[in-house]
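Each reported figure results from applying straightforward, stated rules to the coordinates on display, with no laboratory input. Note that the structure is a prediction, hence the values are computed from the model and not measured. Backbone-built Cβ (ideal geometry, glycine too); neighbour counts: all protein chains shown.
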Amino acid sequence: MRSIIITCLALMVWAGIATAQDVVAPQTSTVTTSPSTTSLQEILRRQEGLKVDQEDRARVTGEGEEGMPITAPLGTRGGASDPDLWRALRFDVADVSTQQRGPAARTLIQEGGMWWLDFRRGPLLTYGAIFLGGTLAVLAIFYLIRGKVRIEGPITGRRIERFKAIERFAHWLLATSFILLGLTGLFTLFGRKVLIPAFGLEAFSFIATGSKWVHNNISWAFMIALVMIFIFWVLHNLPDRTDINWLLKGGGIFGKGHPPAKKFNAGQKIIFWSVIILGGSISVSGLSLLFPFEFNLFAMTFEKLNAIGAPGWFGFDALETNLSPQEEMQYSQLWHAIISLVLTGIIFAHIYIGTLGMEGAFDAMGSGDVEEQWAREHHSLWVAEVEKRNTLTVEEA
């Protein structure tokens with residue numbers, strides 16, 4: 001029995017010694033990283049929406065490395081790995097050859113599109129909805145407080161021609177096309193967030209396809225009408241001293257009586273020039289979207305702004321002027337959407353004052369003639385001009 005115990009103890013001691021001899025002291029391991037490795041700091045910066053320095057990573061494209069020739073069966077490009085190849089495409093340093101010809105034919109990956117996508121589905125939708133909803137809310141509150149602006153004097157039953165048929169045609173062509181463009185534009189802009197959850201993918205596909213067709217084709221009617229109203233009314237909408245008095249008195253909307261005005265008062269002139277300037281800008285950016293990569297609008301614009309130091313006025317660095325064709329399109333799309341939203345808010349106010357907001361205003365664009373008393377209250381100087389012209393005509397006859 002004693003011999004068995006001694007043998008077991010001896011075996012245990014021997015096993016412990018053998019195990020101790022096999023143990024290797026742990027060594028401190030180091031992880032080597034290359035410029036192509038994404039660091040934790042870069043991930044955190046991306047999550048915060050901050051810019052990540054890609055200069056070193058852009059150089060890791062496998063160029064200049066020795067390896068098997070491209071005809072060998074060892075890889076995509078011999079010494080360059082697949083990540084190297086895609087990195088070169090991402091940073092637009094790859095030597096790409098294609099049968100296609102065009103300004104954007106050689107671009108396979110366009111990393112700059114991510115900021116555009118984030119802005120389009122984030123701030124643009126959020127602040128655009130707030131602006132349009134806020135405008136409607138302000139108009140509703142104003143209507144509840146002020147009510148409809150009534151004709152203060154007695155109705156005479158006499159009518160004065162305000163707009164000819166061709167003028168009304170141009171106005172309604174512009175108005176109808178703008179409403180269709182606005183609706184289809186909103187469907188396109190807010191469709192994924194609103195229409196898909198409400199109606200489903202199949203219904204949205206039908207709506208989006210139809211909206212694109214309508215938007216692209218009705219735009220020509222809008223541009224033609226814009227030119228027409230400019231020709232018809234530009235002389236009547238030039239600013240003059242009567243506009244200052246009209247603005248100082250708030251157009252008579254907030255009290256009794258109305259300041260004298262010509263054919264168009266200061267408020268209508270603001271609407272007119274807003275439509276001409278913003279509508280013209282929308283048309284130009286829209287043309288660049290209808291004919292992709294044909295118009296380089298923003299590189300040229302940024303050069304002009306940099307030349308006068310405009311970015312520095314707001315504490316920004318000089319604007320980038322070396323824009324890719326895709327970046328030109330992205331800026332055009334954002335500008336087109338932003339200016340369209342602003343003009344839509346202005347048109348909300350125009351529609352309100354021409355319908356619910358003021359008695360007798362709709363007749364001007366409905367039948368073309370207005371109640372004489374309405375004209376005297378809102379456009380007294382214009383009525384005087386009409387009466388003088390009619391008197392001269394009668395005398396000549």
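At a Förster radius of 22 Å, what calculated FRET efficiency corresponds to the Cβ-Cβ distance of F232 and T156, to the nearest 0.05?
After rounding to 0.05, the efficiency reads 0.20.
Rank the residues V149, V234 as a footprinting-exposure proxy: fewest other Cβ atoms within 10 Å of their Cβ go first.
So the residues, fewest neighbours to most, are V234, V149.
Tell me which chymotrypsin sites (Phe, Trp or Tyr not before Pro) from region 292-378 have a DSSP coil assignment and no more than 12 other beta carbons within 10 Å of their own.
When the chymotrypsin sites (Phe, Trp or Tyr not before Pro) of region 292-378 are filtered for loop state and at most 12 Cβ neighbours within 10 Å, F314, F316 remain.
Kindly state, to the nearest 0.05, the FRET efficiency for S39 paired with I179, given R0 = 41 Å and r defined as their beta-carbon distance.
0.20
Which of rounded, prolate or oblate describes region 116-228 when judged by the alpha-carbon gyration tensor and an a/c cut-off of 1.5?
oblate
Please compute the length gained on full extension between T209 and L289, using 0.36 nm multiplied by the number of residues separating them and subtracting their Cα-Cα distance.
Computed gain between T209 and L289 is 27.2 nm.
Of the trypsin sites (Lys or Arg not before Pro) in region 234-294, which ones lie in a loop per DSSP and count no more than 11 other C-beta atoms within 10 Å?
Filter output for region 234-294: K256.
Charges at C-beta only: +1 for Lys and Arg, -1 for Asp and Glu. How large is the resulting dipole of region 161-396 about its Cα centre, in Debye rounded to 20?
The calculation lands at about 300 debye.
Mean shadow of region 83-154, computed from the convex hull of its alpha carbons, in nm²?
With every direction weighted equally, the projected area is 10.1 nm².
Using Cβ contacts closer than 10 Å as the measure, can you line up R121, R162 from fewest to most?
So the ranking, lowest neighbour count to highest, is R121, R162.
Ranked by Cβ crowding within 10 angstrom, fewest neighbours first, how are S340, S367, S283 ordered?
S367, S283, S340
Residue separation times 0.36 nm, minus the C-alpha to C-alpha distance between I351 and A140: what's the value?
Length gained, I351 through A140: 74.7 nm.
Using amide H atoms built 1.01 Å from N in the peptide plane, name the residues 5+ places from V149, or on other chains, whose amide H lies under 5 Å from its own.
Amide H neighbours of V149: M358, E359.
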